[in-house]
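Peer 1: The following block contains the structure, expressed as structure tokens.
The values are calculated or read from the model by the stated rules, or taken from the named source; none is laboratory data. Just so you know, these numbers come straight off a predicted model, no measurement behind them. Every residue, glycine among them, receives a Cβ derived from its backbone with ideal geometry; neighbour counts consider all protein chains shown. In case anyone asks, the SASA skips ligands and DNA or RNA and just uses the protein heavy atoms, side chains included. Shrake-Rupley method; radii C 1.70, N 1.55, O 1.52, S 1.80 Å.
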Amino acid sequence: MRKKIIAGNWKMNLDINESKQLIENIKNSEFDKDKEVIIFPPYVFLQLAEEELKDTDIRLGAQNLCQYDDGAYTGEVSAKMLKALGVDSVLVGHSERRTIFSENDQVINTKVKQGLENGLRVVLCLGESEDIREEAKHEDFVREQILKGLDKIEAKIGQLIIAYEPIWAIGTGKTCDPKDAEKMCKFIRDQLASLYGQEFAEKTRILYGGSVKPENAKELLEKENIDGALVGGASLDSKKFLDIINYEV
Ligand code: PEP
């Protein structure tokens, strides 16, 4: 039985007081402890979040990491620095990094490697654009992303989490039909089985992301191959985020 993950990607939002308040609202509320909760604040609030989350089961995530170990990389943050700060998981290959910051599969592959080698769990984000979906090439596209993103990566069970996030559903309010999201998550699981074997695939959590909100969480998260949600906009509102965590309650 795969434990569901509800992850909140705050992106570049909130100030320091709002961040503190949001964490306090979440940690001081009743929520379903059968879910694993991860929050991904901006880098500058990671230390604050780490202090706030001490003595809770809520895990801390970073939205990005540098593909290099250390050295002259102005403005970058290494996997080692994140680990030392108490970060548990890191997002790699989010579509905003791929499109706005031109991260290609080779950079993403190096970032996956950096994260895993430094003891972070990596949440590898995958997903097609609207054009690719309309041409019905989404499976081929996502397969390529998996093969290139995970090229020569030796992952142990539990170290890797996948987030299927169709680009056309991110921040648009347009959610993927739960049946289509389930089909893609199953497709991704089959690709993982080919790469790492059946046991690895069965035990790896595959999340759906793209306009998840309290109104659609249950229908998505009840699907057999959808093991959680990566939530953007709705994770900035503690009530909405908690309602998504408590979708079964
Ligand atoms: C995301 O940024 O990963 C995301 C899924 O955003 P939203 O929930 O706002 O669509």
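Peer 1: Take the solvent-accessible surface of the protein heavy atoms, probe 1.4 Å, and return the percent of it on the chain that carbon and sulfur atoms account for.
Peer 2: C and S fraction of accessible area: 48 percent.
Peer 1: So, one more: By the scheme Lys and Arg +1, Asp and Glu -1, what is the net charge of all other residues having a beta-carbon under 12 Å from that of GLY86?
Peer 2: Local charge sum for GLY86: -1.
Peer 1: Might you tell me the accessible area per residue for the chain, computed with a 1.4 Å probe and given in Å²?
Peer 2: That works out to 47 Å² for each residue.
Peer 1: Sorted from largest to smallest, which semi-axis lengths in Å does the alpha carbon gyration tensor of segment 37-152 give for its equivalent ellipsoid, taking the root of 5 times each eigenvalue?
Peer 2: Ellipsoid semi-axes (Å, largest first): 27, 16, 12.
Peer 1: First select every other residue whose beta carbon is under 10 angstrom from the beta carbon of ARG121; then total the charges, Lys and Arg +1, Asp and Glu -1.
Peer 2: Value of the local net charge: +1.
Peer 1: Report the gain in length on full extension from LYS239 to GLU219: 0.36 nm times residue separation, minus Cα-Cα distance, nm rounded to one decimal.
Peer 2: Gain on extension, LYS239 to GLU219, equals 5.3 nm.
Peer 1: Taking the Cα centre of each part, how many Å lie between segment 101-163 and segment 18-63?
Peer 2: If we compute the Cα centre of each part, the gap is 25 Å.
Peer 1: Could you state how much accessible area GLU117 has, in square angstrom rounded to the nearest 10, with a 1.4 Å probe and all protein chains kept in place?
Peer 2: Its heavy atoms expose roughly 140 Å² to the probe.
Peer 1: Could you tally the net charge around ILE26, taking each other residue with its Cβ under 15 Å from the Cβ of ILE26, Lys/Arg +1 and Asp/Glu -1?
Peer 2: Counting the neighbours of ILE26, the net charge comes to -4.
Peer 1: So who's got an amide H within less than 5 Å of the one on GLY8, skipping anything under 5 residues away but keeping other chains? H placed 1.01 Å off N, in plane.
Peer 2: Long-range HN contacts for GLY8: ILE38, ILE39, PHE40, VAL231.
Peer 1: Could you bin all the Cα-Cα distances of segment 171-249 into 10 Å bins starting at 0 and give me the percent of pairs in each, rounded to whole numbers?
Peer 2: Reading the bins upward from 0: 20, 47, 26, 8.
Peer 1: Consider just the alpha-carbon atoms of segment 5-245 and return their Rg together with their Dmax, both in angstrom.
Peer 2: Calculated on Cα positions, Rg and Dmax stand at 16.8, 49 Å.
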